[in-house]
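The values are calculated or read from the model by the stated rules, or taken from the named source; none is laboratory data. Fair warning: this is a prediction, and the values are worked out from it, not measured in the lab. Here the Cβ positions follow ideal geometry from the backbone for every residue, glycine too, while neighbour counts run over all protein chains shown. Heads up: the accessible areas ignore ligands, DNA and RNA and are worked out on the full protein's heavy atoms, side chains in. Shrake-Rupley method; radii C 1.70, N 1.55, O 1.52, S 1.80 Å.
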Amino acid sequence: MRLFLPIFLVICLSSCTYLTREPGNPPKIDGIPIPDSKRTVYVQNFRNNSYGIAMHTTLSDLVKQEINYRGRFIQTREKSQAAYRIYGEISHYQQVGALLDQGGQQLSKEMFVVCKVELQKAGGEKIPLERTEIPARIIYSDQVGFMETEGQAQTRLLKILAVRIAEEMERAWYYSIAGKIEGEEE
């Protein structure tokens, strides 16, 4: 019983600490929460201008999932209800052999993808981004180490890209409205 009480106390206190920290939803500027009307976003299905077959549909879904997971934006299915719109296009996809054995057989391969992205206000005004082309690269093998198929590797690559796209969109959106919250008087 004496051993159980300190462990129970530590668990309770650590969970209290977890529950009292700021969740970050909604994000704040100078302690003022950003209104929900400025957080709505519509993610247009991405386009494909590369040789990667059906990568754009998977990437569109992963970006939507990542934005929902992060919680900074409120996604809407209706384009007319969104204050912001995200557009994207896979502009480059490449897969090459990266490591060969002594017989010249490929042991691992490299995948590389570049996605052009754009963030717009509802009126069509473009929000400046830090980078408009976001790259992602992985190395995978179906023979040695952590083995995965080409499809699994491609999904992993697109998940990495989706995280980078969501981060870029949030950063550009936040800096575009910082200090411009309606109802705030200075």
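Provide a single number: the residues in segment 120-137 that are open to solvent by less than 50 Å² (accessible area, probe 1.4 Å) and either assigned to a strand (DSSP E or B) or on the phi > 0 side of the Ramachandran plot (or both). Number of matching residues: 6.
Selection of segment 65-119 for residues being among the polar types (S, T, N, Q) and in a strand (DSSP E or B) yields 75, 91, 94, 95, 106, 108.
Residue-by-condition table, conditions (1) modelled with pLDDT under 90; (2) of a type in the set (Val, Ile, Thr); (3) in a helix (DSSP H, G or I); (4) closer than 19 Å to residue 169 by Cβ:
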site	(1), (2), (3), (4)
7	yes, yes, yes, no
14	yes, no, yes, no
17	yes, yes, yes, no
58	no, yes, yes, yes
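Quick test of your reading of the structure: residue 93 fulfils all but one of (1) touching a residue at least 40 places away in the same chain (Cβ under 8 Å); (2) exposed (fewer than 13 other Cβ atoms within 10 Å of the Cβ). Name the failing condition by number. So residue 93 meets the others, but not (2).
Checking each residue of segment 65-88 against the condition of being at negative phi, modelled with pLDDT of 95 or more and open to solvent by 60 Å² or more (accessible area, probe 1.4 Å) gives at least one match. The combined condition, being hydrophobic (A, V, I, L, M, F, W, C), open to solvent by 50 Å² or more (accessible area, probe 1.4 Å), farther than 29 Å from residue 30 by Cβ and touching a residue at least 12 places away in the same chain (Cβ under 8 Å), is fulfilled by residue 99.
Being assigned to a helix (DSSP H, G or I) and more than 18 Å from residue 56 (Cβ to Cβ) is a property that residue 140 lacks. What is the number of the single condition among (1) of a type in the set (Phe, Trp, Tyr); (2) surrounded by 19 or more Cβ atoms within 10 Å (Cβ to Cβ); (3) more than 24 Å from residue 44 (Cβ to Cβ) that residue 146 does not meet? Failing condition for residue 146: (2).
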